[in-house]
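Single-structure report; data block below.
The values are calculated or read from the model by the stated rules, or taken from the named source; none is laboratory data. Quick caveat, the model's predicted, so the values are computed rather than measured. Backbone-built Cβ (ideal geometry, glycine too); neighbour counts: all protein chains shown. The area values use the complete protein model at the heavy-atom level, side chains included, leaving out ligands, DNA and RNA. Shrake-Rupley method; radii C 1.70, N 1.55, O 1.52, S 1.80 Å.
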Amino acid sequence: DWEEVELPHDWVVKHFSTPDGSPNMGYKERGIGWYRMRFGLEEEDRNKQILLEFEGMSMDAEIFVNGMLMKRNHSGYNSFCVDMTDMAHFGPIPNTLAVRIQASAWEGWWYEGAGIYRNVWLLKKAAVHVAYHGVFACPKKRDGDLWLLSVRTEVENSFEYEKDVEVCHIVTDEDGKVIAEASQKVRIPGFSTVTNEQQLTVLHPHIWDVETPYLYQVKTGIVYDNQEKDYLCSKVGFRTISWDADTGFWLNGENIKLKGFCNHQDHAGVGVAVPYNLKEFRLKKLKELGANAYRLAHNPDPEILDLCDQMGLLVMEENRTFSSAEDNLEQVKGIVRIARNHPCV
(Lines give C-alpha, C1' and ligand atoms only; values in the text may rest on other atoms or scores of the structure.)
Protein backbone atom coordinates (compact mmCIF):
# COMPACT_ATOMS: atom_id res chain seq x y z
CA ASP A 1 0.00 0.00 0.00
CA TRP A 2 2.94 2.38 -0.53
CA GLU A 3 1.84 5.61 -2.21
CA GLU A 4 4.08 6.93 -4.97
CA VAL A 5 5.00 10.59 -4.31
CA GLU A 6 7.27 13.28 -5.69
CA LEU A 7 9.40 15.60 -3.58
CA PRO A 8 8.89 18.12 -2.13
CA HIS A 9 6.01 16.45 -0.29
CA ASP A 10 3.71 17.35 2.62
CA TRP A 11 1.38 14.51 3.58
CA VAL A 12 -0.77 16.68 5.88
CA VAL A 13 -2.00 19.22 3.35
CA LYS A 14 -4.50 16.78 1.79
CA HIS A 15 -5.94 15.67 5.13
CA PHE A 16 -9.40 16.82 6.14
CA SER A 17 -9.70 18.92 9.28
CA THR A 18 -11.04 17.01 12.29
CA PRO A 19 -12.27 18.10 15.74
CA ASP A 20 -9.41 16.11 17.30
CA GLY A 21 -6.73 17.85 15.24
CA SER A 22 -4.48 20.57 16.62
CA PRO A 23 -5.74 24.12 16.02
CA ASN A 24 -2.09 25.09 15.39
CA MET A 25 -2.06 22.71 12.42
CA GLY A 26 -5.38 23.79 10.94
CA TYR A 27 -7.13 20.96 12.86
CA LYS A 28 -5.28 18.43 10.68
CA GLU A 29 -3.64 15.32 12.11
CA ARG A 30 0.04 14.64 11.41
CA GLY A 31 1.27 11.35 12.92
CA ILE A 32 4.08 9.10 11.69
CA GLY A 33 5.11 8.46 8.10
CA TRP A 34 7.66 6.38 6.19
CA TYR A 35 9.38 7.04 2.87
CA ARG A 36 11.27 4.33 1.01
CA MET A 37 13.09 4.03 -2.29
CA ARG A 38 15.64 1.76 -3.97
CA PHE A 39 18.45 2.97 -6.21
CA GLY A 40 21.61 1.62 -7.77
CA LEU A 41 25.22 2.77 -7.65
CA GLU A 42 27.68 1.88 -10.42
CA GLU A 43 30.79 -0.16 -9.69
CA GLU A 44 32.88 2.90 -10.64
CA ASP A 45 31.38 4.72 -7.60
CA ARG A 46 33.04 2.31 -5.15
CA ASN A 47 36.00 4.59 -4.36
CA LYS A 48 33.89 7.73 -3.92
CA GLN A 49 32.24 9.36 -0.94
CA ILE A 50 28.45 8.94 -1.19
CA LEU A 51 26.36 11.58 0.58
CA LEU A 52 22.62 12.05 1.00
CA GLU A 53 21.72 15.71 1.53
CA PHE A 54 18.32 16.51 3.05
CA GLU A 55 17.34 20.18 2.80
CA GLY A 56 14.45 19.83 5.24
CA MET A 57 11.86 17.43 6.62
CA SER A 58 9.21 17.80 9.28
CA MET A 59 9.92 16.83 11.86
CA ASP A 60 11.91 14.24 13.93
CA ALA A 61 13.54 11.91 11.40
CA GLU A 62 15.48 8.67 11.33
CA ILE A 63 17.47 7.80 8.20
CA PHE A 64 18.12 4.13 7.37
CA VAL A 65 20.46 2.92 4.60
CA ASN A 66 20.31 -0.77 3.77
CA GLY A 67 18.69 -1.51 7.11
CA MET A 68 21.21 0.45 9.20
CA LEU A 69 20.21 3.54 11.20
CA MET A 70 22.59 6.26 9.96
CA LYS A 71 21.22 9.50 11.41
CA ARG A 72 18.64 10.99 13.74
CA ASN A 73 17.60 14.59 13.16
CA HIS A 74 15.51 16.49 15.68
CA SER A 75 14.55 19.64 13.78
CA GLY A 76 11.85 20.07 11.18
CA TYR A 77 13.58 23.11 9.66
CA ASN A 78 17.31 22.58 9.21
CA SER A 79 19.34 20.96 6.44
CA PHE A 80 21.77 18.09 7.06
CA CYS A 81 23.61 15.31 5.27
CA VAL A 82 24.22 11.58 5.79
CA ASP A 83 27.49 9.92 4.75
CA MET A 84 26.39 6.51 3.48
CA THR A 85 29.77 5.50 2.00
CA ASP A 86 30.38 2.61 4.40
CA MET A 87 26.88 1.15 3.93
CA ALA A 88 26.63 1.52 0.14
CA HIS A 89 26.13 -1.34 -2.30
CA PHE A 90 27.66 -1.13 -5.76
CA GLY A 91 26.96 -2.91 -9.02
CA PRO A 92 23.90 -5.21 -9.26
CA ILE A 93 22.86 -4.98 -5.59
CA PRO A 94 20.41 -2.09 -5.01
CA ASN A 95 20.49 0.32 -2.08
CA THR A 96 17.40 0.82 0.07
CA LEU A 97 16.86 4.23 1.63
CA ALA A 98 14.15 4.47 4.27
CA VAL A 99 13.13 7.56 6.24
CA ARG A 100 10.86 7.46 9.30
CA ILE A 101 9.32 10.80 10.23
CA GLN A 102 7.70 11.31 13.63
CA ALA A 103 5.43 14.35 13.36
CA SER A 104 3.01 13.73 16.22
CA ALA A 105 4.32 16.69 18.23
CA TRP A 106 5.17 20.16 16.94
CA GLU A 107 7.91 22.74 17.26
CA GLY A 108 5.87 25.86 16.61
CA TRP A 109 2.37 27.20 17.00
CA TRP A 110 1.67 27.47 13.26
CA TYR A 111 1.07 25.04 10.40
CA GLU A 112 4.18 22.84 10.06
CA GLY A 113 2.93 20.04 7.82
CA ALA A 114 4.83 16.75 7.74
CA GLY A 115 7.10 14.91 5.38
CA ILE A 116 10.17 15.45 3.21
CA TYR A 117 9.10 18.92 2.15
CA ARG A 118 12.37 20.13 0.58
CA ASN A 119 14.86 18.66 -1.88
CA VAL A 120 16.97 15.55 -1.34
CA TRP A 121 20.26 15.17 -3.23
CA LEU A 122 22.56 12.21 -3.88
CA LEU A 123 26.17 13.47 -4.02
CA LYS A 124 29.08 11.42 -5.32
CA LYS A 125 32.51 12.83 -4.49
CA ALA A 126 36.06 11.78 -5.34
CA ALA A 127 38.13 10.15 -2.58
CA VAL A 128 39.64 13.56 -1.68
CA HIS A 129 37.13 16.37 -1.98
CA VAL A 130 35.70 19.58 -0.59
CA ALA A 131 33.90 18.74 2.66
CA TYR A 132 30.14 19.25 2.95
CA HIS A 133 29.61 23.05 2.90
CA GLY A 134 33.37 23.24 3.42
CA VAL A 135 34.14 26.54 1.65
CA PHE A 136 33.98 29.88 3.48
CA ALA A 137 34.60 32.82 1.12
CA CYS A 138 34.77 36.07 3.12
CA PRO A 139 35.39 39.40 1.33
CA LYS A 140 36.83 42.22 3.45
CA LYS A 141 37.26 45.83 2.33
CA ARG A 142 40.71 47.37 2.56
CA ASP A 143 41.86 50.81 1.37
CA GLY A 144 39.87 52.47 -1.40
CA ASP A 145 38.47 49.91 -3.85
CA LEU A 146 40.85 47.17 -2.74
CA TRP A 147 39.20 44.05 -1.29
CA LEU A 148 40.78 40.95 0.20
CA LEU A 149 38.86 37.73 -0.40
CA SER A 150 39.79 35.09 2.15
CA VAL A 151 38.79 31.57 1.04
CA ARG A 152 38.95 28.85 3.69
CA THR A 153 38.48 25.31 2.38
CA GLU A 154 38.03 22.09 4.34
CA VAL A 155 39.57 19.32 2.24
CA GLU A 156 38.42 15.85 3.29
CA ASN A 157 39.94 12.45 2.57
CA SER A 158 37.35 9.66 2.92
CA PHE A 159 39.82 6.83 2.42
CA GLU A 160 43.06 5.55 3.95
CA TYR A 161 45.63 6.66 1.35
CA GLU A 162 47.54 9.91 1.89
CA LYS A 163 47.24 12.28 -1.06
CA ASP A 164 49.00 15.41 -2.33
CA VAL A 165 46.44 17.73 -3.91
CA GLU A 166 46.22 21.27 -5.25
CA VAL A 167 43.44 23.53 -3.98
CA CYS A 168 42.55 26.01 -6.74
CA HIS A 169 40.26 29.05 -6.64
CA ILE A 170 38.92 30.99 -9.62
CA VAL A 171 36.77 34.10 -9.08
CA THR A 172 34.54 35.15 -11.99
CA ASP A 173 32.06 37.97 -12.50
CA GLU A 174 28.50 37.66 -13.83
CA ASP A 175 29.84 37.62 -17.42
CA GLY A 176 32.20 34.74 -16.65
CA LYS A 177 35.34 36.92 -16.74
CA VAL A 178 38.12 35.78 -14.38
CA ILE A 179 39.02 38.55 -11.92
CA ALA A 180 41.24 36.62 -9.48
CA GLU A 181 42.74 33.18 -9.04
CA ALA A 182 45.05 31.36 -6.65
CA SER A 183 46.21 27.84 -5.85
CA GLN A 184 48.17 25.99 -3.18
CA LYS A 185 49.45 22.45 -2.69
CA VAL A 186 48.23 20.51 0.34
CA ARG A 187 48.97 17.03 1.75
CA ILE A 188 45.90 15.20 3.11
CA PRO A 189 46.53 12.17 5.38
CA GLY A 190 44.15 9.23 5.19
CA PHE A 191 40.76 9.61 6.89
CA SER A 192 41.54 13.26 7.68
CA THR A 193 40.31 16.78 7.04
CA VAL A 194 42.75 19.65 6.44
CA THR A 195 41.75 23.31 6.33
CA ASN A 196 43.47 25.40 3.66
CA GLU A 197 43.24 29.19 3.61
CA GLN A 198 44.19 31.44 0.69
CA GLN A 199 43.94 35.19 0.13
CA LEU A 200 42.89 36.69 -3.20
CA THR A 201 43.08 40.39 -4.06
CA VAL A 202 40.17 41.94 -5.94
CA LEU A 203 40.24 45.51 -7.30
CA HIS A 204 37.14 47.64 -8.00
CA PRO A 205 34.49 44.92 -7.57
CA HIS A 206 30.82 45.60 -8.21
CA ILE A 207 29.18 46.08 -4.82
CA TRP A 208 26.27 43.92 -3.63
CA ASP A 209 23.37 45.96 -2.23
CA VAL A 210 19.58 45.90 -2.16
CA GLU A 211 19.27 47.86 -5.43
CA THR A 212 22.04 46.14 -7.42
CA PRO A 213 22.66 42.69 -5.90
CA TYR A 214 25.77 41.84 -7.92
CA LEU A 215 27.13 38.32 -7.36
CA TYR A 216 30.52 36.82 -8.11
CA GLN A 217 31.32 33.12 -8.24
CA VAL A 218 34.19 31.39 -6.48
CA LYS A 219 34.97 28.00 -8.00
CA THR A 220 37.06 25.85 -5.65
CA GLY A 221 38.68 22.86 -7.32
CA ILE A 222 40.61 19.88 -5.92
CA VAL A 223 43.25 18.72 -8.41
CA TYR A 224 45.32 15.53 -8.21
CA ASP A 225 46.47 12.77 -10.58
CA ASN A 226 46.51 15.49 -13.29
CA GLN A 227 42.72 15.95 -13.05
CA GLU A 228 40.21 18.19 -11.33
CA LYS A 229 38.58 15.54 -9.17
CA ASP A 230 36.08 17.69 -7.26
CA TYR A 231 34.83 21.27 -7.24
CA LEU A 232 32.35 23.50 -5.46
CA CYS A 233 30.95 26.81 -6.74
CA SER A 234 30.05 29.46 -4.15
CA LYS A 235 28.31 32.78 -4.76
CA VAL A 236 29.92 35.81 -3.13
CA GLY A 237 28.81 39.42 -2.73
CA PHE A 238 31.21 42.25 -1.92
CA ARG A 239 29.52 44.35 0.76
CA THR A 240 30.12 45.78 4.23
CA ILE A 241 27.65 45.68 7.13
CA SER A 242 27.63 47.21 10.59
CA TRP A 243 25.25 47.94 13.45
CA ASP A 244 25.07 51.07 15.61
CA ALA A 245 23.11 51.34 18.85
CA ASP A 246 21.81 54.81 17.93
CA THR A 247 21.39 54.72 14.16
CA GLY A 248 20.72 51.05 13.41
CA PHE A 249 21.86 49.12 10.35
CA TRP A 250 24.52 50.24 7.84
CA LEU A 251 25.08 48.63 4.45
CA ASN A 252 28.13 49.70 2.42
CA GLY A 253 28.53 52.78 4.59
CA GLU A 254 24.92 53.86 4.12
CA ASN A 255 22.41 53.98 6.98
CA ILE A 256 19.29 52.17 5.77
CA LYS A 257 16.06 51.11 7.44
CA LEU A 258 15.06 47.48 7.26
CA LYS A 259 11.57 47.26 5.78
CA GLY A 260 10.40 43.69 5.62
CA PHE A 261 8.12 40.88 6.66
CA CYS A 262 8.11 37.82 8.91
CA ASN A 263 7.64 34.89 6.54
CA HIS A 264 6.60 31.37 7.46
CA GLN A 265 7.29 28.71 4.88
CA ASP A 266 3.81 27.32 4.18
CA HIS A 267 1.55 28.44 1.34
CA ALA A 268 -2.11 27.80 0.59
CA GLY A 269 -2.72 24.60 -1.35
CA VAL A 270 0.78 23.14 -1.04
CA GLY A 271 1.40 23.29 2.72
CA VAL A 272 5.11 23.41 3.54
CA ALA A 273 6.13 21.67 0.28
CA VAL A 274 6.49 24.98 -1.53
CA PRO A 275 7.98 24.66 -5.05
CA TYR A 276 10.83 26.92 -6.17
CA ASN A 277 8.79 29.02 -8.61
CA LEU A 278 6.25 29.83 -5.89
CA LYS A 279 9.01 30.94 -3.53
CA GLU A 280 10.34 33.16 -6.31
CA PHE A 281 6.85 34.57 -6.98
CA ARG A 282 6.31 35.48 -3.31
CA LEU A 283 9.69 37.20 -3.00
CA LYS A 284 9.05 39.25 -6.14
CA LYS A 285 5.72 40.38 -4.66
CA LEU A 286 7.46 41.50 -1.47
CA LYS A 287 9.96 43.49 -3.52
CA GLU A 288 7.08 45.13 -5.41
CA LEU A 289 5.61 46.18 -2.05
CA GLY A 290 8.86 47.97 -1.22
CA ALA A 291 10.47 45.35 1.03
CA ASN A 292 14.24 45.21 1.38
CA ALA A 293 14.34 42.63 4.20
CA TYR A 294 13.05 39.12 4.89
CA ARG A 295 12.78 37.35 8.23
CA LEU A 296 13.01 33.58 7.83
CA ALA A 297 10.49 32.63 10.49
CA HIS A 298 11.75 30.10 11.30
CA ASN A 299 12.94 28.22 8.28
CA PRO A 300 16.56 28.43 7.04
CA ASP A 301 15.71 27.35 3.49
CA PRO A 302 18.72 27.12 1.08
CA GLU A 303 16.55 28.07 -1.92
CA ILE A 304 15.23 31.19 -0.17
CA LEU A 305 18.79 32.29 0.59
CA ASP A 306 19.80 31.89 -3.06
CA LEU A 307 16.79 33.92 -4.20
CA CYS A 308 17.40 36.71 -1.66
CA ASP A 309 21.02 36.92 -2.83
CA GLN A 310 19.78 37.39 -6.39
CA MET A 311 17.00 39.87 -5.57
CA GLY A 312 18.73 42.00 -2.95
CA LEU A 313 16.67 41.15 0.14
CA LEU A 314 18.46 41.30 3.51
CA VAL A 315 17.78 38.21 5.60
CA MET A 316 17.35 37.65 9.32
CA GLU A 317 17.91 33.90 9.60
CA GLU A 318 16.47 32.29 12.70
CA ASN A 319 17.23 29.25 14.81
CA ARG A 320 14.50 27.00 16.23
CA THR A 321 16.70 24.99 18.62
CA PHE A 322 16.68 26.52 22.09
CA SER A 323 18.80 24.30 24.37
CA SER A 324 22.55 23.90 24.74
CA ALA A 325 22.39 20.13 24.21
CA GLU A 326 25.10 18.79 21.91
CA ASP A 327 22.64 17.85 19.14
CA ASN A 328 21.11 21.31 19.21
CA LEU A 329 24.46 23.07 19.06
CA GLU A 330 25.34 20.95 16.02
CA GLN A 331 22.08 22.15 14.41
CA VAL A 332 23.11 25.78 15.00
CA LYS A 333 26.55 25.11 13.52
CA GLY A 334 24.87 23.65 10.45
CA ILE A 335 22.68 26.73 10.02
CA VAL A 336 25.75 28.99 10.15
CA ARG A 337 27.83 26.88 7.75
CA ILE A 338 25.10 26.78 5.12
CA ALA A 339 24.39 30.53 5.32
CA ARG A 340 27.86 32.00 5.85
CA ASN A 341 28.66 32.73 2.17
CA HIS A 342 25.34 34.44 1.42
CA PRO A 343 25.66 38.24 1.22
CA CYS A 344 21.94 38.60 1.97
CA VAL A 345 22.32 37.22 5.52
Legend entry - Cysteines without a disulfide-compatible neighbour (Cβ-Cβ under 4.7 Å), the chain: 81, 138, 168, 233, 262
Inset, instruction - Using a 10 angstrom cutoff on alpha carbons, build the Gaussian network for the chain and name the most mobile of 255, 299, 328. - result: 255
Inset, instruction - Would you mind checking which residues have amide H under 5 Å from residue 265's amide H? H placed 1.01 Å from N; only 5 or more apart, or other chain. - result: 298
Legend entry - For region 137-144, Karplus couplings with θ = phi - 60° (6.51, -1.76, 1.60), whole Hz, Gly/Pro x: 9, 10, x, 10, 6, 10, 6, x
Inset, instruction - Sort region 17-169 into rounded, prolate or oblate with this rule: let a ≥ b ≥ c be the square roots of the eigenvalues of the Cα gyration tensor; rounded if a/c is under 1.5, and if a/c is not under 1.5, prolate when a/b is larger than b/c, oblate otherwise. - result: oblate
Legend entry - Euclidean distance of C-alpha centroids, region 141-161 and region 95-132, integer Å: 28 Å
Inset, instruction - For a quick protection proxy, order the peptides 205-212, 183-190 by their average other-Cβ count within 10 Å, most packed first. - result: 205-212, 183-190
Inset, instruction - Return one whole number: the accessible area per residue of the chain in Å², for a 1.4 Å probe. - result: 52 Å²
Inset, instruction - Return the single residue from 296, 283, 41 with maximal mean-square fluctuation; model: Gaussian network over the chain, springs between Cα atoms under 10 Å. - result: 41
Legend entry - Positive-end residue, region 255-345 charge dipole about Cα centroid, Cβ charges, pick of 290, 307, 276: 290
Inset, instruction - Residues in region 292-315, backbone N under 18 Å from the label point at residue 243 (7 Å along the Cα-to-beta-carbon vector): list them, ranges by number please. - result: 293-297, 314-315
Inset, instruction - Summarise the accessible area of the chain (1.4 Å probe, protein heavy atoms) by the percent that is carbon and sulfur. - result: 51 percent
Inset, instruction - Would you work out if the chain is rounded, prolate or oblate? Take a ≥ b ≥ c from the square roots of the eigenvalues of the alpha-carbon gyration tensor; rounded if a/c is under 1.5, else prolate when a/b is larger than b/c, oblate otherwise. - result: oblate
Legend entry - Counting DSSP beta bridges with both ends in region 203-318, the antiparallel % (nearest 5): 65 percent
Inset, instruction - Along Cα→Cβ, 7 Å out, is where each label goes; now give me the distance between the ones at residue 268 and residue 104 in nm to one decimal. - result: 3.4 nm
Inset, instruction - Take every Cα pair under 8 Å in the chain that's 6+ residues apart, average their separations, divide by the length, and report that relative contact order as a whole percent. - result: 16 percent
Legend entry - Positive-pole candidate from 238, 334, 201, dipole of region 186-334, charges at beta carbon: 238
Inset, instruction - Go ahead and estimate [θ] at 222 nm for the chain from helices alone: -39,500 (n - 2.57) per DSSP H run with n ≥ 4, summed, over the residue count, rounded to 500. - result: -3500 deg cm²/dmol
Legend entry - Full-stretch length increase - residue 150, residue 278 - with 0.36 nm per residue and alpha-carbon distance subtracted: 42.6 nm
Inset, instruction - Would you kindly derive the ³J(HN,Hα) couplings of region 254-267 from the backbone phi angles with the Karplus curve 6.51 cos²θ - 1.76 cosθ + 1.60 (θ = phi - 60°), listing them in order in whole Hz, with x for Gly and Pro? - result: 10, 7, 10, 9, 7, 10, x, 9, 8, 10, 7, 8, 7, 9
